[in-house]
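Every number in this text was worked out from the coordinates using simple rules, so none of it is lab data. Note that the coordinates shown come from a computational prediction; the quantities given were computed from them, not determined experimentally. Quick reminder, even Gly has a Cβ in these numbers, built from the backbone with ideal geometry, and neighbours come from all protein chains shown.
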Amino acid sequence: MVPSATPYGTVPDGAIAVTDGRVVFVGPRGELPSEVASHPARVIAGDGGWVTPGLIDCHTHLVFGGNRAEEFEARLGGASYEEIAWAGGGILSTVAATRAASEDELRASAGARIATLRAHGVTTVEIKSGYGLELETEIQMLRVARAAGDDQDVTTVTTLLGAHALPPEAAGDRDVYLDLVCEEMIPAAVGVADAVDAFCEGIAFTPEECRRVLQTGAGHGLYGRLHADQLSDIGGAAVAAACGARSADHLEYTSEAGVRAMAQSGTVPVLLPGAFLYLNEERRPPVAAMREAGLDIAVATDLNPGSSPIASPLIALNLACLLFGLTPEESLAGMTRVAARVLDMEGSRGTLTEGAHADLALWDIEHPAELSYWMGANPCRTVIRGGRAG
Ligand code: NIG
Ligand code: FE
């Protein structure tokens, strides 16, 4: 998909040439440079399929121990996500299971989840920590995320989410825990994390606390992300914007002022329709206001054991259309070009243009809207990362 006035940037009967893992030509087959056309080292025939950039899942929590199927049952029985969290379940139950798991177990289970994403066209995935909530386990999660991505031939971007919840041993002392996040976790994450994130919510951290985390991260060269306005409007989007965060994620309760602040700062909205669905939310993110403000919108799975156990990027695309009213074209851009911007990879991934990494997905479809249309089908024929099919 080349950005252009053509819907989806479609190039009919197109060809892509790759050298040393980078795209060197994209355009109509008839315009292939003659030296490439006459001496190709290797040809992969599309046979009438569609090629898109490899999908970029820019928001996941896929390193974790255990699962939360019992919590799922309890929520179906009427308990709310917030009630479960206040009672010490929810995120904290995954923290206990993650601390109890060995590094090898975490690497194997995360690898299996990444393999599922890859089988559905994903070539780049962002993975957060946040189920350790102690120095050693948080850093271990980041290490595991990178290793599991290498194991599965998928590019990983890692994010420290120490400020995800208050661990039980903090015994309610928020300042002591935030000191640990800012003074120990963030410095220790340099080199193993690319970004820092926090959960700005009534059940988690206040805007002021999140600001401290993002500013400390920025001081250590980690760009910011923020879980914002998911369950209530406490001004999270504006905090993300004020801190120069690359994204604000969820945004169901974001106000128009929050949208304007994001537009001014260039903070990208990331929509996570899986969490909206699983938590039985009613309030939808302000998509019309985002469009009006000229914001491009990213879409991700939020793959995690609690609020979004969705391991299919295509289901996330589908839900972004059905639940939030995105067009299939917006949805696909949200998991390619716009997702790349969130991960500081704009122009080099998530796009099929000269110079970009040759990360591609080949689909057995007749129209790109099919990527949002099917639910549960997988039309992905092949994934190519760095020019190599695998
Ligand atoms: O993005 N909102 C906070 N964090 C995750 C959920 C984590 C969990 O429930 O385990 C989210 O929805
Ligand atoms: Fe999340």
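Things to note:
- Checked against (1) without any contact (Cβ under 8 Å) to a residue 60 or more places away in the chain; (2) within 14 Å of Val181 (Cα to Cα), Leu222 passes all but a single condition, namely (1).
- Gly78 meets the conditions (1) crowded, with 16+ Cβ neighbours inside 10 Å; (2) on the phi > 0 side of the Ramachandran plot in every case but one. The failed one is (1).
- Contacts under 8 angstrom Cβ, first residue in region 376-390 being more than 18 Å from Gly49 (Cβ to Cβ), partner buried (at least 19 other Cβ atoms within 10 Å of the Cβ) and of a type in the set (Asp, Glu), 6 or more apart: Gly386/Asp359
- Strands (runs of 3 or more DSSP E) wholly inside region 17-102 that include at least 2 residues being within 16 Å of ligand 1 (Cβ to nearest atom): none
- Selection within region 190-219 - more than 16 Å from ligand 2 (Cβ to nearest atom) and under 16 Å from Asp179 (Cβ atoms): Thr206, Glu208, Glu209, Arg211, Arg212, Gln215, Thr216, Gly217, Gly219
- Any hit, region 339-346, residues being closer than 27 Å to Val383 by Cβ, charged (D, E, K, R), touching a residue at least 60 places away in the same chain (Cβ under 8 Å) and part of a helix (DSSP H, G or I): yes
- Checking each residue in region 134-191 for being within 22 Å of the chain's Cα centre (by Cα) and among the basic types (Lys, Arg) picks out Arg143, Arg146.
- Wholly within region 275-335, helices (runs of 4 or more DSSP H) carrying at least 3 residues that are within 14 Å of the chain's Cα centre (by Cα): 313-324, 328-334
- Test for Leu251: is it at positive phi and not aromatic (Phe, Trp, Tyr): yes
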